[in-house]
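What follows is a single structure, written as structure tokens, with notes after it.
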2 protein chains.
Amino acid sequence: MKAHVLIVLLIVFLTGISIKADEGMWPLSELDKLNLTDAGFEIGARQIFNPDGSVSLIDAIINLNGCSASFISTNGLILTNHHCAFGAVQEASSSAHDYLRNGLVTCKLDDEIPAKGMTVKITESYRDVSKEVLKAVKKGMSPLARTKAIEKKIKEMEIAAEKSNKGKRAEVAEMFQGKVYVLFLFTYLKDVRLVYVPPRYIGEFGGESDNWVWPRHTGDFTILRAYVGPNGESAGYAKENIPYTPKKFLKIAPQGISEGDLMFILGFPGRTYRHQPASFLHYEEEIRMPAVVRLYQWLIQTMDKASEEERDVQLKLASRIKGLANRMKNFQGKLKGLNNLKLTEKRKQEEDQLLSVISDTKLKNEFLTIQKNMSQVYDEMGLVYPTHHFVTSVHSNWSVLSAALSLVQYAHERNKKDEDRESPYMTRNLEKTRERLIRSVKNIHIPVDEKIAEYILMTLGAEIQPERLPLSIRELCSADSSERKKMISAYYDKQFLNEESFGKMFDEIQLNDLKKSELPAIKLALDIYPLTQQIKDSDDKWKGRLDTSMARWIDIKQQIQKGHFLPDANGTFRLTWGRIKGYSPRDAVVMKPFTILEGLLEKAQLGGDYKMEDEFRSLVKQAKNSKFFQDKIAGVPVNILYDADTTGGNSGSPVLNSRGELVGLNFDRAFEATINDYAWDEGYSRSIGVDIRFILWYIESTGASELLSEMTCSQ
Amino acid sequence: MKAHVLIVLLIVFLTGISIKADEGMWPLSELDKLNLTDAGFEIGARQIFNPDGSVSLIDAIINLNGCSASFISTNGLILTNHHCAFGAVQEASSSAHDYLRNGLVTCKLDDEIPAKGMTVKITESYRDVSKEVLKAVKKGMSPLARTKAIEKKIKEMEIAAEKSNKGKRAEVAEMFQGKVYVLFLFTYLKDVRLVYVPPRYIGEFGGESDNWVWPRHTGDFTILRAYVGPNGESAGYAKENIPYTPKKFLKIAPQGISEGDLMFILGFPGRTYRHQPASFLHYEEEIRMPAVVRLYQWLIQTMDKASEEERDVQLKLASRIKGLANRMKNFQGKLKGLNNLKLTEKRKQEEDQLLSVISDTKLKNEFLTIQKNMSQVYDEMGLVYPTHHFVTSVHSNWSVLSAALSLVQYAHERNKKDEDRESPYMTRNLEKTRERLIRSVKNIHIPVDEKIAEYILMTLGAEIQPERLPLSIRELCSADSSERKKMISAYYDKQFLNEESFGKMFDEIQLNDLKKSELPAIKLALDIYPLTQQIKDSDDKWKGRLDTSMARWIDIKQQIQKGHFLPDANGTFRLTWGRIKGYSPRDAVVMKPFTILEGLLEKAQLGGDYKMEDEFRSLVKQAKNSKFFQDKIAGVPVNILYDADTTGGNSGSPVLNSRGELVGLNFDRAFEATINDYAWDEGYSRSIGVDIRFILWYIESTGASELLSEMTCSQ
């Protein structure tokens, strides 16, 4: 960590911080203000993160494709969740070498397997760049122009930062909407390999039935290793690469943690919406989430059905199904929580309450105007949601058309100046984008993609006024069923689906050539492209309006409410802390904060998602004699529960004890806590981790003694 | 209690009794052997039951149509479950006076409403009559002859006992199958009235969703009153009747009970099967219960659908649906428990274990022979189960045919000597039988009954070889659908469905007249009657074989196992005790033993079976200031949980504290404890009661102060 600079602006905002609740995803800039000793920490803030850049815990924490993870050995060993490496394990698997089903135990470096598509992101430094960013905004700019100006400014700053920091990656994050921006510098490591993967029935025990559920018994961990070139520099995969030596790795505490103990988590929580107005919650609850849940239900059902017979099809679709199911259940939990807690209504009451204590009439009116403006934006968004939903669904789910649209867009972008391009097509992102596209084309399962096309056209399309749709879509929709089938199947041209020819097409693309293309998928994409741009523009316009509103909204709230005021999670580094603690989901029911091995056998009796191999059964029988057996809970602990404040992106975060030693691995939340993203509550906000004792016990039980000693002996 | 005589024979059996487990439904004869003081009782066995006949707690405990209940005032006030009086409340309700929906609060005796069909049964005395009964068995008798001889002997003894005890009712109960018989004398009170009924949304809160479930929040209580003639003698309903003065009534403890406290229950548990062999469990698990569950599912669905529109149809069917749903969920719980606990396999292992410790070769062989004999009986029963299922289903569900069959049977029986008749048609039972038939005819809902006919014929009938079925059934089955519909609808003749004309037919019935009847239902019943008799005979034959086997089986087990050995529940008086205690249904989940009022509001958010009126919501809001509010559990207690050993028939049993004071009202078990009937376990056997503080709080809240003072001030 070279140049930690405190975010001055944030300090100004954050007055009167007190350690009382466990709510809070604290950004680095705020750590010094916390009295960690009073909270029970045995280490100081500077041992977690040191603005002077000297080595601290933070140097062991990494971002891994949107998940969190940590270094746990001097040889670049990485601990994260099984579900975070799921896609890479799927990619490495075939019916012949089925690491997804059977797991992977490697004994030496040579056996480790490339984790394709995974990138380690190490935070090197950050600084507040709000002033510079906001300089791009000129008085009287339209909302659309404002958004575009900020976007462009950010790109320029990222390009400049990468130029002056050779080999580093620069990213600007919006900390408070429309208001506070921070530029982070990262080191990227691109050669990551699979070292130890438990079989799916352990790593995903309980499947979708147990996802977002406590009590939990999932061994959701995987171990990887980061490699660099022989010169120690970041490099793509090569046989001669050597293990990376991190500045810091976490010490493992094999004695684990107990009920009531302080714990904390470091990682990269994705998104929370706690500062958003009631009108946003209303839009989410009534418009967006129900529509997405309906779509996902259909998609999952369709892919599940297609996966039933062939293992290779299963492997192709597994990661997508898992991702969809995960988000769907999360949304269902949120919808249930919004409804049960009447959260939208409560948020509205909070706003009324806030309004009632504003004495200044001018401020009062400003507050009301902002509230109304935001509400209008969400109303507008709601009105045209079907069209947005249609376009988003094409991008995310109709793979062949999505790939064709990317080609069309790239053809439009490649002749622009770098900083004028859409982010994925900037030189600095192009390689990743190319890789992603080729992987998606390779993974197309034609019968499923055709069914998705039919559903998007005929179900989602039916909710849009026909005149809003491009001609080619209207033709598709009005064709008779067998005719439409024929038209759709024409999109799956070999030239298009072949990795090599697709790559060539991408590399040599020119808009004029495209326009002459005879490929039906390209023709369709060319016709739809203007609509996608129109959608992007209206998104930007709304963002422009919301950004200015939210910036003032936060200002006013801050001015009135005082107290601590943390930015919503935005994928940047955060600390959160709490205690190992059960909860009561309903009257007379108490959830204890530890589960034990016997719980797996108990659930296995139910069958279904609770799969179990005899091999594991006999391990459990011997576990009574293990050093990890805990008398207090009468078993070897499997999962732990705590009231720290987490969200998606905290998957794979280390759970640390008061001395900053590794005692667990965060991977999920209780169902009641899905609503966490909108409102934290001491009563129901609980997150779930794998107990480190389970990880050590399981690795030991499967005989991976080399790995175990690397994890525990080198410390 | 006039002549308590200890059952000498049982004493011989029960050696080495120790108070260690909470398992056990202790018959009266055993109480003196328990060291109640060591168990924490503050009263002695003689205060619960005194063989010398002086007044004790037992005199306050009554049997009410198969449920348990207790006297709680000197004026004959009775406390039992809402679900025990459900049928009577349904019968008293109409869309105009909907006591089932709205409840009933009476202010003076004159307002109390007849609880039609309800009879109070007060135990007066009992004696062991095994020797007399078994004298009827002659050497070399066939199994069928044995059963019939015992049946006849019992009837003769009952008739004789009633002759020599004017006004009393005599009943012989089989305590150990084929082996121990006890004759009980009862007083019957036939004028019972509804005094206080909570609305259904309280008395049945949670409906079928919560039935057999903890945590529970059901106000499952109802208050009735027993009346006698002005001379103090038992009498049918008459306006001039006066409240009955019981020998003893229970003192209410408004301070309630706490976690860990000793509690006990007195009542009439129905049936347990803990001494039955593995072959019986196998038959239940594989043959009988799955078939019954399938039938009940269909019946409930059909009746629910028919109830959807009209409140009067709902009222007609409510009690039947409730009964079916209750049994179905119980069976489902049992099937789950049998499967999860692998109980049949375990029972077999216990038998193998027992066999392995028998050293005497002759005894060993006898044990094996008995085991094989019983297994053969259950195999035979399994083979012809479809026919039995068909006939049983006709009797229990096809109401019009069932009534017609009763007429045919009565026509056959009425010319026999009283003691040779089937029990329902003996002079002493005839009035009850007549009442029951008229009520069932009155409650026929023709469209539902026709659908049931179609289902029994075409679905259950299809599983039987056609040659086993009577000609008329075969004709019905082979008719085309519209023809069959016509044939079925002809059974619902007005003459038959009219209460008065049906009563007249019953009173004047003669077999020769019946044979000339033109009523299609009678014609059909005459044709089916021989099959029903055949089924009865095969049941008796099996019973004969099982009785002799079970008698020796118990002998041998007793001889080998020593330890306490209690008879299975058989509807006779029992004491069971335990503690107020939570449990863990699965890893990391703990159930606490009290629920509170707020839990109702919490569940009410879910809608569905959790109905709630605003009136109740506001009562709950005020409850914080109530004297029944308990700081320890932060609320007014609603339901309580304990590990005493109960089964069906214990519904309505008083829950008593260590001093024998009323602290609750037993009404259900936790889902895991449905398996209780086959095997008791400290881990999962938990029963559920209404906390007396809820009953008092609710009565007080609804302003029934007269009733409250009768319950609490007269003590």
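The values are calculated or read from the model by the stated rules, or taken from the named source; none is laboratory data. Quantities reported herein were computed from a predicted structural model and do not represent experimental measurements. We place every Cβ from the backbone using ideal geometry, glycine too, and count neighbours over all the protein chains shown. Accessible surface is based on the protein model in full, side chains and every heavy atom, while ligands, DNA and RNA are left aside. Shrake-Rupley method; radii C 1.70, N 1.55, O 1.52, S 1.80 Å.
Listed values, structure above:
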{"item": "Condition met for B:Leu104 (closer than 30 Å to B:Asn443 by Cα, over 24 Å from the mean Cα position of the chain (by Cα) and crowded, with 20+ Cβ neighbours inside 10 Å)", "result": "yes"}
{"item": "Failed item, numbered, when A:Ser307 is tested on (1) open to solvent by 40 Å² or more (accessible area, probe 1.4 Å); (2) of a type outside the set (A, V, I, L, M); (3) at pLDDT below 95", "result": "(1)"}
{"item": "Residue match in region B:643-651 (condition: under 19 Å from B:Gly24 (Cβ atoms) and among the hydrophobic types (A, V, I, L, M, F, W, C))", "result": "yes"}
{"item": "Residues being at the interface with chain B (Cβ under 8 Å from one of its Cβ atoms), without any contact (Cβ under 8 Å) to a residue 60 or more places away in the chain and open to solvent by less than 50 Å² (accessible area, probe 1.4 Å) - total across region A:581-634", "result": "5"}
{"item": "Pairs, first touching a residue at least 60 places away in the same chain (Cβ under 8 Å) in region A:491-509, second assigned to a loop (DSSP other than H, G, I, E, B), C-beta under 8 Å, six or more apart", "result": "A:Tyr492/A:Ile444; A:Phe496/A:Leu519; A:Leu497/A:Ile444; A:Ile509/A:Arg414"}
{"item": "Condition broken by A:Val213, with the remaining ones in (1) β-branched (Val, Ile, Thr); (2) open to solvent by 10 Å² or more (accessible area, probe 1.4 Å); (3) away from every other protein chain (no Cβ under 14 Å); (4) under 23 Å from the mean Cα position of the chain (by Cα) satisfied", "result": "(3)"}
{"item": "Criterion (in contact (Cβ under 8 Å) with a residue 40 or more places away in the chain and either open to solvent by less than 50 Å² (accessible area, probe 1.4 Å) or in contact with a strand residue (DSSP E or B) (Cβ under 7 Å, 6 or more places away or on another chain) (or both)) met by exactly one of A:Thr548, A:Thr576", "result": "A:Thr576"}
{"item": "In region A:124-162, the residues that are of a type in the set (D, E, K, R) and open to solvent by less than 30 Å² (accessible area, probe 1.4 Å)", "result": "A:Glu124, A:Arg146, A:Lys155, A:Glu158"}
{"item": "Flag if B:Lys515 is out of contact with any Lys or Arg (no Cβ under 6 Å at 6 or more places or on another chain) and either of a type in the set (Phe, Trp, Tyr) or within 23 Å of B:Ile456 (Cβ to Cβ) (or both)", "result": "no"}
{"item": "Those residues of region B:83-128 which are touching a Phe, Trp or Tyr at 6+ places or on another chain (Cβ under 6 Å), part of a loop (DSSP other than H, G, I, E, B) and at pLDDT 95 or above, in sequence order", "result": "B:Thr119"}
{"item": "Which listed residue is open to solvent by 10 Å² or more (accessible area, probe 1.4 Å) and not aliphatic (A, V, I, L, M), from A:Phe205, A:Phe249", "result": "A:Phe249"}
{"item": "A:Lys611, sole failed condition from (1) assigned to a loop (DSSP other than H, G, I, E, B); (2) in contact with a His (Cβ under 9 Å, 6 or more places away or on another chain); (3) basic (Lys, Arg)", "result": "(2)"}
{"item": "Residue match in region B:221-234 (condition: within 30 Å of B:Asp555 (Cβ to Cβ), open to solvent by less than 10 Å² (accessible area, probe 1.4 Å) and either assigned to a loop (DSSP other than H, G, I, E, B) or basic (Lys, Arg) (or both))", "result": "no"}
{"item": "Qualifying residue in region B:528-539 (condition: at pLDDT 95 or above, of a type in the set (A, V, I, L, M, F, W, C) and within 26 Å of the chain's Cα centre (by Cα))", "result": "yes"}
{"item": "B:Ile242 being without any contact (Cβ under 8 Å) to a residue 24 or more places away in the chain, of a type outside the set (S, T, N, Q) and away from every other protein chain (no Cβ under 14 Å)", "result": "yes"}
{"item": "Condition met for B:Lys541 (surrounded by 16 or more Cβ atoms within 10 Å (Cβ to Cβ), in contact (Cβ under 8 Å) with a residue 24 or more places away in the chain and among the charged types (D, E, K, R))", "result": "yes"}
{"item": "Any hit, region A:260-270, residues being within 24 Å of A:Val391 (Cα to Cα) and either among the basic types (Lys, Arg) or open to solvent by less than 70 Å² (accessible area, probe 1.4 Å) (or both)", "result": "yes"}
{"item": "Candidates B:Trp553, B:Trp542, filtered to the one that is modelled with pLDDT of 95 or more, within 29 Å of the chain's Cα centre (by Cα) and away from chain A (no Cβ under 14 Å)", "result": "B:Trp542"}
{"item": "Test: residue in region A:513-524 that is over 30 Å from B:Glu598 (Cα atoms), open to solvent by 20 Å² or more (accessible area, probe 1.4 Å) and under 30 Å from the mean Cα position of the chain (by Cα)", "result": "no"}
{"item": "Test: residue in region A:118-135 that is of a type in the set (Lys, Arg) and in contact with a strand residue (DSSP E or B) (Cβ under 6 Å, 6 or more places away or on another chain)", "result": "yes"}
{"item": "Qualifying position, being under 22 Å from A:Asn415 (Cα atoms), of a type outside the set (Asp, Glu) and open to solvent by less than 30 Å² (accessible area, probe 1.4 Å), among A:Phe502, A:Phe496", "result": "A:Phe502"}
{"item": "Flag for A:Asp527 being touching a Pro at 6+ places or on another chain (Cβ under 7 Å), more than 14 Å from every other protein chain (Cβ to nearest Cβ), under 24 Å from A:Pro470 (Cβ atoms) and acidic (Asp, Glu)", "result": "yes"}
{"item": "Within region A:643-698, strands (runs of 3 or more DSSP E) holding 3 or more residues that are of a type outside the set (A, V, I, L, M, F, W, C)", "result": "A:662-669, A:687-691"}
{"item": "Within region A:417-457, tally of residues that are over 20 Å from A:Thr119 (Cβ atoms) and not in a helix (DSSP H, G or I)", "result": "5"}
{"item": "Residue list for region A:168-195, restricted to those being outside any strand (DSSP E or B) and crowded, with 20+ Cβ neighbours inside 10 Å", "result": "A:Gln177, A:Gly178, A:Lys179"}
{"item": "Matching residues, region A:381-403, being of a type in the set (A, V, I, L, M) and open to solvent by less than 20 Å² (accessible area, probe 1.4 Å)", "result": "A:Val391, A:Val394, A:Val400, A:Leu401, A:Ala403"}
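Here's the yes/no breakdown for (1) in contact (Cβ under 8 Å) with a residue 12 or more places away in the chain; (2) closer than 15 Å to A:Leu514 by Cα; (3) outside any helix (DSSP H, G or I):
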position: A:Ile370; (1), (2), (3): yes, no, no
position: A:Ser375; (1), (2), (3): yes, no, no
position: A:Asp379; (1), (2), (3): yes, no, no
position: A:Val394; (1), (2), (3): yes, no, no
position: A:Val408; (1), (2), (3): yes, yes, no
position: A:His412; (1), (2), (3): yes, yes, no
position: A:Asn415; (1), (2), (3): yes, yes, yes
